[in-house]
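Novice: Starting off with a structure, shown below.
The values are calculated or read from the model by the stated rules, or taken from the named source; none is laboratory data. Keep in mind the model is a prediction, meaning the values are calculated, not measured. Counting neighbours? That spans all protein chains shown, and the Cβs are built from the backbone with ideal geometry, glycine included. Accessible surface areas use protein heavy atoms only, side chains included; no ligands, DNA or RNA. Shrake-Rupley method; radii C 1.70, N 1.55, O 1.52, S 1.80 Å.
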Amino acid sequence: MTLLLQRGFIGAVLVFLVAPLFVVAGVSVNRPKRLLFPPDGFSLKWYIELFVQNEWANALTNSVIIAMLAGLLAVAVALPLALFIWSRGGLLARALFGLGIAPFMLPPVVSALGFLVFWISVGLYGNILATIVSHAIFLTALPLVAISLGLEEVERPLIEAARTMGADRRTVFRTVVFPLIRPYVISGFVFAVVLSLNEYIIAYMVAGFTAETLPIRIFNSLRYGYTPIMAAVAVLFVLTAAVVFGAVAFLGDLPRLFGAHRSEEP
Amino acid sequence: MNPRREPALWPLALFPCAALTVFFVFPFAIMLAVSFHRRVEGGFFEPAFELSNYLRFLTPFFGKILATSIGLAATAAIIVVVAAFPFSYILSRMRRRAQSVILVFILSVLSLSEVIIGFAWSTLLSRTAGVGNLFHWIGLVETPRAYTPGLVSLLLGLVYLGFPYAVLVIYPAVSRLDRELPEAARMSGASPLRAFASVTLPIMRRSITGALILVFVFTLGAYLLPQVLGRPRHWTLPVHITDQAIFQSNIPFAAAMAMFLLLVSLALVGLSLIVGNERQGAST
């Protein structure tokens with residue numbers, strides 16, 4: 001394969017991935033309330049409408065509240081679990097790791113239905129709390145994987161040294177381990193937040209009619225009346241994800257987080 | 001693995017285990033029970049032990065849904081992996097900075113929900129925006145037309161959904177790949193393509209199988225794209241699960257179908273693990 005052919009292939013794939021987003025970005029700046037491309041005129045009013053129109057502003061508020069709290073809760077579950085798995089090792093640790101990532105690995109509709117019957121049984125069906133907790137459990141996998149990767153980097157002699165010098169486990173964690181894994185904890189948190197913002201099926205199944213989120217709102221608009229606000233939301237979501245993952249890449253080593261070996265630095 | 005085993009660690013695992021048990025293991029147990037319950041008109045369900053929900057799997061209605069779901073997911077998985085493998089391979093040989101930029105973009109696409117992917121593709125393939133208009137503008141067609149909903153538009157959406165996941169699985173493996181092996185093959189006189197086919201591909205077989213199965217399971221789980229980009233005859237199992245649970249208010253039948261989907265997915269993941277282990281065993 002020549003270099004030109006290789007670059008051409010990468011380019012073609014990137015065009016395939018960008019094209020729908022590009023058209024959506026164009027549609028979002030239409031002046032009339034229609035989804036035209038090329039856009040008819042240029043206006044940013046639909047981005048303002050998102051914050052002004054009641055149904056959309058409510059959905060935005062719900063989405064942000066759910067994503068933030070679910071992200072925090074996911075880290076609260078994943079961090080101690082990752083530490084336990086890391087320091088104990090063995091079969092039980094691997095089983096617990098599997099339990100932690102299972103909700104994310106199953107077909108989403110299966111997890112969603114599981115959550116639905118659970119919240120009906122405990123009487124919280126339709127409550128925003130149900131969405132928050134369900135999202136947190138569903139997304140625990142992300143901080144769990146990220147923090148576990150970070151812990152692999154922590155050198156055990158460092159901890160032994162701290163222990164020998166008389167530090168108890170809590171002090172070692174606070175002064176040695178946590179500073180080392182902090183970037184991974186943050187990456188795990190933001191991954192969970194971004195995916196929660198985008199998540200549709202679980203939010204829809206457990207409280208779709210009462211705690212409406214942005215993806216639910218978009219899907220309803222797909223059925224009952226298109227508006228360029230949908231496109232504006234899509235653009236904001238892509239930008240949020242790009243900024244967040246860009247920051248993760250800037251602060252850390254993204255290829256390494258993806259699992260590439262650091263030693264292969266060209 | 002790790003020599004340290006102190007009982008004082010247990011409290012650490014208490015909260016996560018409790019949370020996962022209450023909010024994940026319990027829901028599954030309840031769902032399994034509900035799949036045997038009796039549906040109540042106008043309400044949710046009442047306790048019973050009936051096999052009727054499972055017996056409905058034997059109808060042609062269900063057989064057609066299953067065939068559609070598996071056919072779509074398999075086609076999408078093959079297209080995705082055929083494209084994602086060379087993509088990840090070339091990507092892993094680019095400069096670190098370029099790799100990071102492209103990975104950020106891939107991750108951004110990965111984070112998009114099916115709602116946004118479905119909406120974006122239906123816009124791109126619509127009459128008033130996107131390719132319909134473009135083809136008309138360059139004179140390819142007389143009048144602009146929509147290319148959605150339909151089988152092709154649904155497949156495009158599924159490929160878009162699965163592609164980033166395949167890169168996620170294949171990229172780490174190809175970037176760890178020993179560069180000297182294909183070089184050695186080339187020095188012994190093999191053409192680049194032959195070196196790739198006879199040296200690189202066999203080493204990568206494990207992650208390729210992994211990616212195929214992952215994308216298959218992911219696209220099999222797609223619940224929204226078939227509704228947005230396909231026609232009702234393209235509706236897959238997850239669409240019918242949602243439909244039964246929310247619109248037909250038949251949660252027991254939805255639960256039975258979900259258990260079935262779960263078993264199929266678990267069986268496939270198990271299969272990929274077995275294949276992976278055998279390969280690993282054979283190579284060491």
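Novice: Which residue, A:Met165, A:Leu180, A:Ile202, has the largest displacement toward the positive end of the dipole of the stretch A:155-214 when charges sit on each Cβ (Lys, Arg +1; Asp, Glu -1)?
Specialist: Of A:Met165, A:Leu180, A:Ile202, it is A:Met165.
Novice: Can you pull the mean other chain C-beta count within 10 Å for peptide A:117-126?
Specialist: Per residue, the average neighbour count from other chains is 5.
Novice: Using a 1.4 angstrom probe on heavy atoms only, work out the carbon and sulfur share of the accessible area of the protein assembly as shown in %.
Specialist: The value for the protein assembly as shown is 68 percent carbon and sulfur by accessible area.
Novice: Report, as an integer, the average count of C-beta atoms from other chains found within 10 Å of each Cβ along A:79-85.
Specialist: 5
Novice: Report A:Ile10's accessible area, 1.4 Å probe, all protein chains in place, as a number in Å² to the nearest 10.
Specialist: About 10 Å², ignoring ligands and nucleic acids.
Novice: Further question on the same structure: Can you list which of the DSSP-assigned H helices in chain A have a Cα extent of 27 Å or more along the long axis and an average Kyte-Doolittle score of at least -0.5?
Specialist: Span-like helices, by this rule, are A:3-28, A:54-88, A:178-198, A:228-251.
Novice: Only helical DSSP H runs with n ≥ 4 go in: add -39500 (n - 2.57) per run for chain A, normalise by residue count and round the 222 nm mean residue ellipticity to 500 deg cm²/dmol.
Specialist: Mean residue ellipticity at 222 nm (helix-derived): -25000 deg cm²/dmol.
Novice: Report, in deg cm²/dmol and to the nearest 500, the calculated mean residue ellipticity at 222 nm for chain B, where each DSSP H run with n ≥ 4 adds -39500 (n - 2.57) and the sum is divided by the residue count.
Specialist: -22000 deg cm²/dmol
Novice: Give me the number: length gained by fully extending A:Leu251 to A:Ala167, i.e. 0.36 nm times residue separation minus the C-alpha to C-alpha distance, one decimal in nm.
Specialist: 27.3 nm
Novice: Compute the Cα gyration tensor for the stretch A:61-227, then decide on rounded, prolate or oblate, letting a ≥ b ≥ c be the square roots of its eigenvalues: rounded whenever a/c is under 1.5, prolate when a/b is larger than b/c in the other cases, and oblate in all that remain.
Specialist: Cα axes put the stretch A:61-227 in the prolate bin.
Novice: If you take every residue apart from A:Asp40 with its C-beta less than 14 Å away from the C-beta of A:Asp40, what net charge results, scoring Lys and Arg +1 and Asp and Glu -1?
Specialist: Charge balance near A:Asp40 sits at +4.
Novice: Would you list B:Thr242, B:Thr68 from the most to the least accessible area, probe 1.4 Å?
Specialist: The residues order as B:Thr68, B:Thr242, largest area first.
Novice: Per residue of A:182-194, how many C-beta atoms from partner chains lie within 10 Å of its own C-beta, taken as a mean?
Specialist: 1
Novice: Would you mind computing, in nm to one decimal, how far apart the modelled labels at A:Leu180 and B:Met187 are, each placed 7 Å from Cα along Cα→Cβ?
Specialist: 3.8 nm
Novice: A further question follows. Hey, can you find the accessible area per residue of chain A for me, probe 1.4 Å, expressed in square angstrom?
Specialist: Result: 43 Å² of accessible area for each residue.
Novice: OK, next. Projected onto the charge dipole of chain B (+1 at Lys/Arg Cβ, -1 at Asp/Glu Cβ, origin at the Cα centre), which of B:Phe85, B:Val264, B:Leu14 gives the Cα projection farthest towards the positive end?
Specialist: Going by the Cα projections, it comes out as B:Phe85.
Novice: Just the number, please: buried accessible area between B and A, total of both chains, 1.4 angstrom probe, nearest 100 square angstrom.
Specialist: Summed over both sides, the interface buries about 8700 Å².
Novice: Here is a further query. Return the FRET efficiency for the residue pair A:Val122, B:Leu14: r is the Cβ-Cβ distance, R0 is 22 Å, and the value is rounded to the nearest 0.05.
Specialist: So the FRET efficiency works out to roughly 0.55.
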